[in-house]
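A.B. asks: Quick one: this structure, given as structure tokens, is what I'll be asking you about.
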Amino acid sequence: MFSCIARPAIHLSRSFSTSVQSNARVAVLGASGGIGQPLSLLLKNSPLVSQLSLFDIAHTPGVAADLSHIETRAHVTGHLGPDQLGECLKGCEVVVIPAGVPRKPGMTRDDLFTTNATIVANLADACARHCPEAMICVIANPVNSTIPITSEVLKKHGVYNPNRVFGVSTLDIVRANTFVAELKGLDPARVNVPVIGGHAGKTIIPLISQCTPKVDFPQDQLAALTSRIQEAGTEVVKAKAGAGSATLSMAYAGARFVFSLLDAMNGKEGVVECSFVRSEETECTYFSTPLLLGKNGIEKNLGLGKLSPFEEKLVAEAMSELKGSIKKGEDFVKNMK
């Protein structure tokens with residue numbers, strides 16, 4: 001479906017070269033955590049970033065000092081605690097939010113809601129005050145709720161722009177590309193599987209029928225592949241046996257999305273990424289679909305495309321859970337004191 005458009009995954013490796021430069025100011029909120037540190041490392045390594053502002057409630061000066069010794073152009077600053085959050089965000093064009101607690105074995109992404117909802121709401125509030133026009137990329141789970149939370153907080157401040165608020169679901173695409181490539185003996189960097197819906201369990205809907213290059217699987221293998229993509233985060237949580245969730249792959253996916261966004265903001269054409277955003281493509285008010293990115297965020301929502309009967313069924317089965325997660329996020333902000 002999108003074979004005529006430049007493959008966004010390649011942007012990550014290309015962004016490490018010195019041939020492409022911009023002067024973007026990027027903030028990472030939650031920079032000392034399991035995702036935040038490797039994500040900050042990847043961002044520091046890119047010539048697309050000129051200023052990297054790191055925030056967390058602990059250890060940020062040390063992380064910033066460590067990264068500042070790397071021989072790349074991005075100037076790194078570390079900001080510690082709520083009193084320094086405003087200074088961290090001042091002038092930033094892109095804000096990435098990996099802050100929050102990770103999953104442990106037996107937990108769902110929704111189990112993180114109580115803690116992470118408050119964290120994300122507070123950080124969104126700070127963004128509204130200090131960088132109201134920034135692109136906001138939320139990694140903190142449950143994304144199906146934290147994006148509605150972010151949006152509602154920005155609305156309260158009168159600065160909400162739906163084209164600038166993104167739920168980073170890129171890891172679902174990265175996993176789908178990798179798993180399909182493994183099964184078919186392909187180079188994963190040349191595989192592109194759109195993933196729509198949400199970013200939790202059965203709301204994750206890989207569109208294998210729209211894969212580039214075209215691939216075919218028997219129905220039983222397709223069902224197993226889809227289930228593995230949907231539960232891949234739990235696969236990592238179990239493998240880490242209590243030591244955390246997907247951090248390195250999430251950092252890679254987060255960096256890939258940020259680099260694609262920066263490329264588009266710099267005027268590169270044809271940049272497409274899937275993301276969980278405000279949407280009118282389905283009966284859900286938020287939904288992940290392929291998006292054409294531009295200088296001002298979302299340039300065009302490319303929609304669901306043609307679905308197979310199997311994929312149509314997955315979409316129908318995801319709706320109830322997705323609507324519930326969205327409402328839960330919106331209600332959280334309504335009830336905030």
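A.B. asks: Can you give me the angle between helix 113-130 and the longest principal axis of the chain, using Cα atoms only, in degrees from 0 to 90, rounded to the nearest 10?
C.D. replies: Helix 113-130 sits roughly 50 degrees off the main axis of the chain.
A.B. asks: Let me ask something else. Give the whole-number value, in cubic angstrom per residue, of the convex hull volume spanned by the C-alpha atoms of the range 154-272.
C.D. replies: 142
A.B. asks: Just add up the charged neighbours of residue 84: K/R +1, D/E -1, any other residue whose Cβ is under 11 Å from the Cβ of residue 84.
C.D. replies: -2
A.B. asks: Mean residue ellipticity at 222 nm from the helices of the chain, using -39,500 (n - 2.57) per DSSP H segment of n ≥ 4 over the full residue count, to the nearest 500 deg cm²/dmol?
C.D. replies: -13000 deg cm²/dmol
A.B. asks: Starting from a Cα-only point model with no solvent, please compute log10 I(q)/I(0) by Debye for the range 229-337 at q = 0.15 1/Å.
C.D. replies: Calculated log10 I(q)/I(0) at the listed q: -0.93.
A.B. asks: Averaged per residue, what accessible surface does the range 207-337 expose to a 1.4 Å probe, in Å²?
C.D. replies: Result: 46 Å² of accessible area for each residue.
A.B. asks: Given a 1.4 angstrom probe, I'd like the percentage of the accessible area of the chain that is carbon and sulfur, rounded to a whole number.
C.D. replies: 52
A.B. asks: Rounded to the nearest 10 degrees, what's the angle between the helix 170-184 long axis and the longest principal axis of the chain, both from Cα atoms, 0 to 90?
C.D. replies: Computed tilt is about 40 degrees.
A.B. asks: If you don't mind, another one. With viscosity set to 1.002 mPa s and temperature to 20 °C, compute the Stokes-Einstein D of the range 102-161, Rh being the Kirkwood radius across alpha carbon pairs; µm²/s, no decimals.
C.D. replies: My calculation gives 181 µm²/s for D.
A.B. asks: I would also like to ask the following. Below 8 Å, C-alpha to C-alpha, sequence gap of six or more: please give me the relative contact order for the range 209-319 in percent.
C.D. replies: 17
A.B. asks: Toward the positive end of the charge dipole of the range 138-281, about the Cα centre and with charges on Cβ (Lys, Arg +1; Asp, Glu -1), which of 207, 197, 249 goes farthest?
C.D. replies: 249
A.B. asks: If the chain were replaced by its equivalent ellipsoid, with semi-axes equal to the square roots of 5 times the Cα gyration tensor eigenvalues, what would those be, largest first, whole Å?
C.D. replies: In descending order the semi-axes read 29, 23, 19 Å.
A.B. asks: Further, regarding this structure: Can you give the % of DSSP beta bridges in the chain that are antiparallel, to the nearest 5?
C.D. replies: Percentage antiparallel, nearest 5: 45.
A.B. asks: Related question: Might you report the magnitude of the Cβ-based charge dipole of the chain about its Cα centre, with Lys and Arg at +1 and Asp and Glu at -1, to the nearest 20 debye?
C.D. replies: So the magnitude is around 200 debye.
A.B. asks: Considering only protein heavy atoms, what per residue accessible area in square angstrom results for the range 14-127 with a 1.4 angstrom probe?
C.D. replies: It amounts to 42 Å² per residue over the range 14-127.
A.B. asks: Among 224, 303, 239, whose Cα lies farthest out toward the positive end of the dipole of the range 218-337, if unit charges sit on the beta carbon of Lys, Arg (+1) and Asp, Glu (-1)?
C.D. replies: The residue sitting farthest along the positive end of the dipole is 239.
A.B. asks: Using a 10 Å cut-off on Cβ atoms, rank the peptides 273-284, 250-261 from the highest mean neighbour count down.
C.D. replies: Packing order, densest peptide first, comes out as 250-261, 273-284.
A.B. asks: Relative to the longest principal Cα axis of the chain, at what angle does helix 309-334 sit, 0 to 90 degrees, rounded to 10?
C.D. replies: That helix lies at roughly 30 degrees to the long axis.
A.B. asks: To continue, here is another question. What order do you get for 61-72, 112-123 when each peptide is scored by the mean count of other beta carbon atoms within 10 Å, highest first?
C.D. replies: Per-residue mean Cβ counts within 10 Å order the peptides as 112-123, 61-72.
The values are calculated or read from the model by the stated rules, or taken from the named source; none is laboratory data. Only a predicted model underlies this, so the values are computations on that prediction, with no experimental measurement involved. Cβ atoms come from the backbone with ideal geometry, glycine included; neighbour counts cover every protein chain shown. The protein model used for the area step is the full one, side chains on, heavy atoms only, and it has no ligands, DNA or RNA in it. Shrake-Rupley method; radii C 1.70, N 1.55, O 1.52, S 1.80 Å.
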